[in-house]
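*Asks:* Below you will find the structure I want to go over with you.
All of the numbers you see were taken from the coordinates with simple rules; none came from a lab. Since this is a predicted model, take the numbers as computed values, not measurements. Please note: Cβ atoms are built from the backbone with ideal geometry, for glycine as well, and neighbour counts cover all protein chains shown.
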Amino acid sequence: MPELDLYQEAKIDLLSPELKRQVALQYRAACFADTGCTRDGGFGDMGTVPPMPLERHSVYRGGEGFGTYNHAPAITRFRNRFLLAWNTGAVNEDAPGQSVLLATSGDGQQWSAPQVILQADASCHQFYMTAGFCTCRDTLYLLVMEKFSKAPDTGYTMSAFDPARATNFSNLWASEDGEHWRLVQRDLAPVLFMLHPPVPTPQGRLLQGAANFRGRPVVLLWPGLNPEEPPQLIEQPWPVDERHFYEGHDLGIWCYGENCFYALDDGTLVMLFRNENGTCQAGVSLSTDGGQSWSSVMQSNFPDSASRMAVGRLADGRYFVIGNSTRRYMDRNFFAISLSPDGRKFTSMHRLIAEPTRQRLPGELKCHGYQYPAVFVDGNRLLIAYSVNKEDIECGIVTF
């Protein structure tokens, strides 16, 4: 008789007892509704996530001059203007010809008509994917993945192409005025995906999450705050053979390159990961030496539907996570902000948009909902750029 295949897995608890209960009830309420399970008198407000006021401002509506696919925004402030960039494609996600648009605003509410800043050549199967902005001295930088692929992906994934059969470049663009852009570094690091911008650590070094060509989670760690200097590539421990996920123990799948981090007051870096195994629980790894070394990626109880998150710290010192923070897989209509006083335990969650939305412009690998937030803290305001159904771009503002 074969022995039982036992294993131990380190996990991490990020939720206060009250928020644990709220997350569990929200999931249970959604499942009851899906199955038509009711009772006389209902269930009161159990499972209801309280709202937080969000001013919604349209940046671009799909099909108005450019493509019907619009997604993965990035936002920053430079020379007294807000800049918001995103991917635009004719119809489908990550298809040849996918380019980068840029809109600007003086107040985050009224936005200019977008301009193409990177035009992809569909004839050679080229497309771009934005990763985000960073600044150094008087220069604004934009990191962009450049890909060439014509081999379709046949797996049950969110990718239209087979990454293993694509040509990938991680490129660094620069601008002194936010309007004219120049390529300063082509292929700055051997990564397959980078979908968040580099952020300064308390130690004064830029750090960015990514995934390498083997699908493993990695970080890029620069020697300082200048993104034009070559970064160090550091693999994050993860005891899984990434090419044979399902043949071993289910420790989560952290291969998507959307890992993002925040820093605790003691300098500890907390990295959050989208989990691709369908359990809807984010992964977490920790670094106590400024990103030079990391713990193994652990499964947390922080809910995430398998989508990109945005993390950071408000002007009042509270930590936040914004995203599709629900235990329902691929439910991107649930769009929320979670808050923590110390970054160790999140104590509250608030829904940013209550009404569900559905695509009006069908395309491959699009999905309903509010998704892929990018954030900028502007005093007591939090600007949140996000896509709606992967076809429209909006900027939401929360005032604290």
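*Asks:* Along Cα→Cβ, 7 Å out, is where each label goes; now give me the distance between the ones at Ala24 and Ala122 in nm to one decimal.
*Replies:* Going by the 7 Å Cα→Cβ label model, 5.1 nm.
*Asks:* How large is ³J(HN,Hα) for each residue in segment 97-106, as worked out from phi by the Karplus curve 6.51 cos²θ - 1.76 cosθ + 1.60 (θ = phi - 60°), to whole Hz, x for Gly and Pro?
*Replies:* So the J values, rounded to whole Hz, are x, 5, 10, 10, 9, 9, 10, 10, 7, x.
*Asks:* Related question: Quick one: Trp254, Trp238, fewest Cβ neighbours within 10 Å first, how do they rank?
*Replies:* Trp238, Trp254
*Asks:* When you have a sec, figure out the Kirkwood radius of segment 169-213 from all distinct Cα pair distances and drop it here in Å to one decimal?
*Replies:* 12.0
*Asks:* If you don't mind, there's one more thing I want to ask. When the chain is fully extended, how far beyond the present Cα-Cα distance does Tyr329 get from Ser16, taking 0.36 nm per residue of separation?
*Replies:* Value of the extension gain: 110.4 nm.
*Asks:* Using the Cα centre of segment 10-49 as origin and beta-carbon charges of +1 (Lys, Arg) and -1 (Asp, Glu), tell me which of Thr35, Pro17, Gly47 is placed farthest towards the positive end of the dipole.
*Replies:* Farthest along the dipole direction, towards plus: Pro17.
*Asks:* Still on this structure, I have one more. What does the chain give for Rg and for Dmax, in Å, if only its C-alpha atoms count?
*Replies:* Cα-based Rg and Dmax for the chain come out at 20.4, 71 Å.
*Asks:* Also, quick follow-up: Can you list the lysines whose alpha carbon is less than 20 Å from that of Lys366, not counting same-chain residues fewer than 8 positions off?
*Replies:* Lys147, Lys150, Lys390
*Asks:* Excluding residues fewer than 8 places away in the same chain, name every one of the lysines whose C-alpha is closer than 17 Å to that of Lys345.
*Replies:* Excluding near neighbours in sequence, the set is Lys11, Lys20.
*Asks:* Relative to the compact-globule scaling 2.2 N^0.38 Å, provide the ratio for the alpha-carbon radius of gyration of segment 261-400.
*Replies:* 1.06
*Asks:* Rounding to the nearest 20 debye, state how big the charge dipole of the chain is about its Cα centre with +1 on each Lys and Arg Cβ and -1 on each Asp and Glu Cβ.
*Replies:* Using Cβ point charges on Lys, Arg, Asp and Glu, the chain gives about 560 debye.
*Asks:* Non-local amide H neighbours of Gly312 (under 5 Å, H modeled in plane, Pro and chain starts lacking H): which ones?
*Replies:* Phe320
*Asks:* Sequence-distant or interchain residues sharing an amide H contact under 5 Å with Gly343, placed H: which?
*Replies:* Distant-sequence amide H within range of Gly343: Tyr319.
*Asks:* Any idea which of Asn212, Val184, Gly224 is furthest toward the positive side of the dipole for segment 144-240, if Lys and Arg beta-carbons carry +1 and Asp and Glu beta-carbons -1?
*Replies:* Value computed over the given set: Asn212.
*Asks:* Modelling each spin label as a point 7 Å along the Cα-to-Cβ direction, I'd like the Asp342/Phe148 distance in nm, to one decimal.
*Replies:* With each label placed 7 Å out from Cα toward Cβ, I get 5.3 nm.
*Asks:* Turning to a different aspect of this structure: Once fully extended, how much extra length lies between Ser293 and Glu228, figured as 0.36 nm per residue of separation less the alpha-carbon to alpha-carbon distance?
*Replies:* 21.1 nm
*Asks:* Please list, ordered by chain and number, the residues whose modelled amide H lies under 5 Å from the amide H of Val218; skip anything fewer than 5 residues away on the same chain.
*Replies:* Excluding prolines and chain starts, which carry no amide H, the hits are Ala210, Ala211, Asn212, Gln236.
*Asks:* Over the chain, what is the mean sequence separation of C-alpha contacts under 8 Å (at least six apart), divided by residue count, expressed as relative contact order in percent?
*Replies:* Answer for the chain is 16 percent.
*Asks:* OK, next. Can you sort Leu172, Leu25 by how many other beta carbons sit within 10 Å, fewest first?
*Replies:* Leu25, Leu172
*Asks:* Explain nothing, just compute: Karplus ³J(HN,Hα) = 6.51 cos²θ - 1.76 cosθ + 1.60, θ = phi - 60°, for every residue of segment 324-341 in order, whole Hz, x for Gly and Pro.
*Replies:* After applying 6.51 cos²θ - 1.76 cosθ + 1.60, I find 8, 8, 9, 7, 9, 4, 6, 7, 9, 6, 7, 10, 9, 10, 10, 10, 9, x Hz.
*Asks:* How high is the relative contact order of segment 274-340? Use alpha-carbon pairs under 8 Å, at least six apart in sequence, and give a whole percent.
*Replies:* Contact order relative to length: 28 percent.
*Asks:* With θ set to phi - 60° and the Karplus curve 6.51 cos²θ - 1.76 cosθ + 1.60, what are the ³J(HN,Hα) couplings of segment 369-385 in order, to the nearest whole Hz, using x for Gly and Pro?
*Replies:* So the J values, rounded to whole Hz, are x, 9, 7, 6, x, 10, 10, 9, 8, 10, x, 8, 10, 10, 8, 10, 8.
*Asks:* Next question. So what's the back-of-envelope 222 nm ellipticity for the chain, counting only DSSP H runs of four-plus at -39500 (n - 2.57) apiece and dividing by all residues, rounded to 500?
*Replies:* -1500 deg cm²/dmol
*Asks:* While we're looking at this one, here's another question. Report, in whole Å, the centroid distance computed from the Cα atoms of segment 312-388 and segment 247-298.
*Replies:* Centre-to-centre distance over Cα atoms comes out at 19 Å.
*Asks:* OK, next. Normalised radius of gyration for segment 10-49, please: alpha carbon Rg relative to 2.2 N^0.38 Å, two decimal places.
*Replies:* This ratio for segment 10-49 stands at 1.40.
*Asks:* Hey, got a sec? Which trypsin sites (Lys or Arg not before Pro) in segment 227-313 land in a DSSP loop and have at most 11 other Cβ atoms within 10 Å?
*Replies:* The qualifying sites are Arg243.
*Asks:* Using 0.36 nm per residue, how much length does the chain from Thr357 to Thr35 gain when fully extended, once their Cα-Cα distance is taken away?
*Replies:* Stretched out fully, the Thr357 to Thr35 stretch lengthens by 113.8 nm.
*Asks:* Given points 7 Å out from each Cα along the Cα-Cβ axis, report the Arg79 to Gln115 separation in nanometres with one decimal.
*Replies:* With each label placed 7 Å out from Cα toward Cβ, I get 1.0 nm.
*Asks:* Let me ask something else. Which ordering of His196, His249, His125 is given by a fewest-first count of other beta-carbon atoms within 10 Å?
*Replies:* His249, His125, His196
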